[in-house]
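Q: I have a structure here, written as structure tokens, and I will follow up with some questions on it.
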Amino acid sequence: MIGIRVVRAFNRVGYEKKRFNTANEDFRDTGIQVNKIMALLFPVMMIVMNFTNIAIVWFGAVRIDQGLMQVGNLMAFLQYAMMILFSLIMLSMGLIMIPRAQASVKRINEVLRMERVINDPENPSEVVSSYGHVEFKDVTFRYAGAEKPVLHHVSFQARPGETTAIIGSTGSGKSTLVKLIPRFYDVEKGTVLVDGVDVKTMTQKALREKIGYVPQKAALFSGTIAENLRFGNRAADEAEMIGALETAQAIDFVMEKEDGMDANIEQAGANLSGGQKQRLSIARALVRKPEIYIFDDSFSALDYKTDAKLRATLKKETNHATIILVAQRVSTVIDADQIIVLNEGEIVGIGTHNELLDDNVIYQEIVSSQRTEEEGA
């Protein structure tokens with residue numbers, strides 16, 4: 001059961017039991033009612049069918065005795081009557097199944113009728129260069145149905161060979177911003193460019209082949225570790241996977257497993273810790289060898305020592321690519337070539353750690369608050 005530990009931790013077992021019992025009692029009552037109808041309907045239909053047989057044979061025998069009907073006609077009439085009655089029995093059973101089928105059809109139709117929001121252009125642009133240069137030009141974005149935009153007039157560039165870090169308070173739009181690059185959403189105003197081409201004019205396949213994305217919540221699939229690492233690059237050999245695991249600081253716990261990279265991972269990585277899942281997700285992106293790396297708060301479950309080692313090796317292995325890094329911790333972004341400070345969907349500062357520490361109030365507050373927390377800890 002998903003969330004069982006949360007239920008226990010908040011002492012809500014009794015409440016959840018009541019909800020579960022209510023749902024099950026409703027299901028039980030409905031099931032009993034349907035079965036009562038079936039229990040009554042089936043015998044009634046059988047009685048009707050048998051009495052019909054008796055009536056057909058009785059009246060048929062009389063007519064045969066009078067010489068008005070042949071035995072063959074009686075048998076044919078009896079067979080046709082049985083076919084009709086059996087069809088009526090099947091119809092009655094079908095009427096019981098129809099409501100269940102309607103519920104299933106309704107759910108399926110909701111999926112089938114859903115229209116795609118993100119579509120490829122009819123005449124897509126070809127990307128000649130392959131550098132991974134990312135540029136936001138006066139981008140404004142809001143979610144469907146939202147009153148206010150999540151991002152307001154965002155403009156910046158992320159260049160190959162550099163690390164661009166994005167930091168800000170919770171709800172400032174950091175994750176939303178990086179999701180615009182692989183075109184998980186389309187911007188309301190402005191333009192997102194990759195290698196000088198508007199992402200809206202590229203095919204989604206061509207765009208996403210350039211990107212190695214590590215989501216905020218690490219997502220692994222049931223199968224072996226090797227299968228998960230090859231998810232973005234099926235042609236990856238063992239040496240490439242080992243190199244990615246070493247860079248992601250995951251080689252130790254992988255090799256400690258009895259089957260190594262052939263060890264099984266349960267659905268959603270249930271048999272791994274949060275830090276292990278994050279490191280495998282990072283290794284999966286590294287195996288892809290893309291031009292743009294997007295790390296959406298992907299180091300949050302790592303301790304400071306592992307975080308530092310990972311960033312150091314990551315910079316060496318990806319010095320050719322564009323790295324866009326979303327983080328909550330200042331220690332994670334301190335060595336970035338440029339740090340973008342977001343506040344309520346707006347860029348309030350761009351610069352290095354030292355530059356922002358000198359003249360950016362929001363960044364100073366973030367640094368100060370984290371230092372206070374560390375001192376308190």
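Q: Report the residues of segment 214-231 in range of a label on N264: point 7 Å along Cα→C-beta, backbone N strictly under 13 Å from it.
A: Residues 222-225 qualify, since their backbone N sits under 13 Å from the label point.
Q: Please build a GNM for the chain, connecting alpha carbons under 10 Å apart, and tell me which residue among F141, F184, F86 fluctuates the most.
A: Result for the chain, Cα springs under 10 Å: F86 fluctuates most.
Q: Then there is this: I'd like the distance between the alpha-carbon centres of segment 113-159 and segment 1-53, rounded to an integer number of Å.
A: 49
Q: Could you state the number of Å between the C-alpha centres of segment 280-316 and segment 195-224?
A: Going from one Cα centre to the other spans 16 Å.
Q: Work out how much length I64 to E122 would gain on full extension: take 0.36 nm times their residue separation and subtract the Cα-Cα distance, in nm to one decimal. Display every interim value, and only then the final one.
A: On the way: separation 58, 0.36 × 58 = 20.88 nm, distance 7.73 nm.
So the extension gain works out to 13.1 nm.
Q: Additional query: Which of the DSSP-defined H helices in the chain satisfy a minimum axial length of 27 Å, computed from C-alpha atoms, and a minimum mean Kyte-Doolittle hydropathy of -1.0? Write out the running numbers ahead of the final one.
A: On the way: long enough: 13-65 (76 Å, 0.34); 71-112 (57 Å, 1.18).
Result, helices passing both filters: 13-65, 71-112.
Q: Dipole of the chain (Lys/Arg Cβ +1, Asp/Glu Cβ -1, origin at the Cα centre): which of I292, N50, L245 lies farthest to the positive side?
A: N50
Q: Now for a separate question. Go through K174/K315; K289/K315; K200/K277; K148/K174; K148/K189 and tell me which ones have a Cα-Cα distance over 23 Å in this structure.
A: On the way: K174/K315 21 Å; K289/K315 13 Å; K200/K277 32 Å; K148/K174 16 Å; K148/K189 13 Å.
Where the Cα-Cα span goes over 23 Å, the pairs concerned are K200/K277.
Q: Right, something else. In which sequence would R8, R159 go, from the one with the fewest C-beta neighbours within 10 Å to the one with the most?
A: On the way: R8 11, R159 15.
With the sparsest Cβ surroundings first, the list reads R8, R159.
Q: Moving on to the next point. Expressed as a rounded percentage, what relative contact order does the chain have, with Cα pairs under 8 Å and six or more residues apart?
A: Working: 530 pairs, mean separation 67.3, N = 377.
About 18 percent, as a whole number.
Q: Something else: Starting from the Cα gyration tensor of the chain, take the square roots of the eigenvalues, sort them a ≥ b ≥ c, and report rounded, prolate or oblate (rounded when a/c is under 1.5, otherwise prolate if a/b is larger than b/c, else oblate). Spell out each step's value before the answer.
A: Values: a/c = 2.73, a/b = 2.50, b/c = 1.09.
It comes out prolate by the Cα gyration axes.
Q: Oh, and also: Given the options S104, S155, S87, state which has the largest fluctuation in a GNM of the chain using a 10 Å cut-off (strictly under) for Cα springs.
A: S87
Q: Once the other residues with Cβ under 9 Å from the Cβ of V194 are scored (Lys, Arg +1; Asp, Glu -1), what is the net sum? Walk me through the numbers before you get to the answer.
A: Numbers: positive: K210; negative: E135, D195, D198, E291.
Residues close to V194 contribute a combined charge of -3.
Q: Specify which residue in the list I84, L325, A235 is farthest towards the positive end of the charge dipole of the chain, using unit charges on the beta carbon of Lys, Arg (+1) and Asp, Glu (-1), about the Cα centre.
A: I84
Q: Need the list of aspartates and glutamates near K257 for cross-linking: C-alpha distance under 16 angstrom, and skip anything on the same chain fewer than eight residues off.
A: Those aspartates and glutamates meeting the cut-off are E227, E246, E266.
Q: At a Förster distance of 35 Å, what's the computed FRET efficiency of M255 paired with R371, Cβ-Cβ distance as r, to 0.05? Before the final figure, lay out each step's value.
A: Details: r = 37 Å, r/R0 = 1.05.
Efficiency computed from Cβ-Cβ geometry: 0.40.
Q: Can you say what percent of the DSSP beta bridges in the chain, counting only those with both residues inside, are antiparallel? Round to 5.
A: On the way: 19 of 37 bridges.
Percentage antiparallel, nearest 5: 50.
Q: Let me ask something additional. Between L357 and R159, what is the FRET efficiency for a Förster distance of 25 Å, r being their Cβ-Cβ separation, to the nearest 0.05? Present the calculation step by step, with values, prior to reporting the outcome.
A: Values: r = 22 Å, r/R0 = 0.89.
Approximately 0.65, to the nearest 0.05.
Q: Continuing with this model, one more query. Compare the Cα positions of V367, H153, G60 along the charge dipole of the chain (+1 at Cβ of Lys, Arg; -1 at Cβ of Asp, Glu; about the Cα centre) and return the one farthest towards the positive end.
A: Going by the Cα projections, it comes out as G60.
Q: So what's the net charge close to V71: Lys and Arg +1, Asp and Glu -1, counting the other residues with Cβ under 14 Å from its Cβ?
A: Working: positive: R63; negative: D65.
Charge balance in the 14 Å sphere: 0.
Q: Still on this structure: Relative contact order for segment 244-377 using alpha-carbon pairs under 8 Å, separation at least 6, rounded to a whole percent? Please report the intermediate quantities before stating the final value.
A: Working: 131 pairs, mean separation 24.8, N = 134.
About 19 percent, as a whole number.
Q: 222 nm [θ] for the chain, helices only, -39500 (n - 2.57) per DSSP H run of 4+, per residue, to 500?
A: Details: 13 runs with 189 residues, N = 377.
Result for the chain, helices only: -16500 deg cm²/dmol.
Q: Moving on. Compare A81, A301, A283 in a GNM of the chain, Cα atoms joined below 10 Å, and give the one with the largest fluctuation.
A: A81
Q: What's the exposure ranking of D120, D303, D195, going from fewest to most Cβ atoms within 10 Å?
A: The most exposed by this proxy come first: D303, D120, D195.
Q: Would you mind working out the magnitude of the charge dipole of segment 4-112 relative to its Cα centre, with +1 at each Lys and Arg C-beta and -1 at each Asp and Glu C-beta, to the nearest 20 Debye? Mind showing how you got there, number by number?
A: Working: 12 positive and 6 negative charges, 177 e Å.
About 860 debye.
Q: Can you put L95, L74 in order of Cβ neighbours within 10 angstrom, beginning with the fewest? List each step's numbers first, then the result.
A: Details: L95 11, L74 17.
Arranged by neighbour count, lowest to highest, L95, L74 become L95, L74.
Just so you know, all these numbers are worked out from the coordinates, no wet-lab data involved. The model shown is predicted, which means the values in this text are computed figures rather than measured ones. Quick reminder, even Gly has a Cβ in these numbers, built from the backbone with ideal geometry, and neighbours come from all protein chains shown.
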